Amino acid sequence: MSDENVSAIHWNFWTIVVIALLWNVMGVVNFFMQMNPDVLAMYLESERAIIEARPLWATAGFALAVVAGAIGCILLLFKKTVSLYFFIGSLIGVLATMIHTLGIGIDFSLAELLGIILMPVIVAAFLIWYTLHVQGKGWLR
């Protein structure tokens, strides 16, 4: 990466990456909160049903989704192209988790569908696209 490309990095790069990092860190915190029975008791009934019925492979998918996403964002802050592979791993984790969530037969409200199902997929896919986009601009090394 040349000095010209470094100075050409738009301010919105930093904004997007920091917001994405916050999103993924909140996911990591949520993952660990779900391991605490006292905290889990405060969740909505539909959320508890998902968590309590979640098999090991779906729990591992959730962990992969949030941890790989957070690491990917940190790497993206350091302008590393390897962040792409972490975002791909994150999307795989999101999809594994969603396969389980959709397969347990809960009637979700529209807000739950958007927040629990659709938003994580959109964010994970967006981070892959965005990394490829900024890589094409020469902002990553």
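FYI, it's all coordinate maths here, none of it is from the lab. Everything quoted here is computed from the prediction, not taken from an experiment. In this analysis, Cβ positions are derived from the backbone assuming ideal geometry, glycine residues included, and neighbour counts consider all displayed protein chains.
The table below gives the values:
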| quantity | calculated |
| --- | --- |
| Counted residues, the stretch 63-90 - those being surrounded by fewer than 23 Cβ atoms within 10 Å (Cβ to Cβ) and within 20 Å of Gln34 (Cα to Cα) | 4 |
| Among residues of the stretch 96-137, those that are surrounded by 13 or more Cβ atoms within 10 Å (Cβ to Cβ), more than 12 Å from the chain's Cα centre (by Cα) and hydroxyl-bearing (Ser, Thr, Tyr), counted | 3 |
| Residue count, the stretch 28-76 (criterion: touching a residue at least 24 places away in the same chain (Cβ under 8 Å), of a type in the set (A, V, I, L, M, F, W, C) and closer than 30 Å to Tyr130 by Cβ) | 17 |
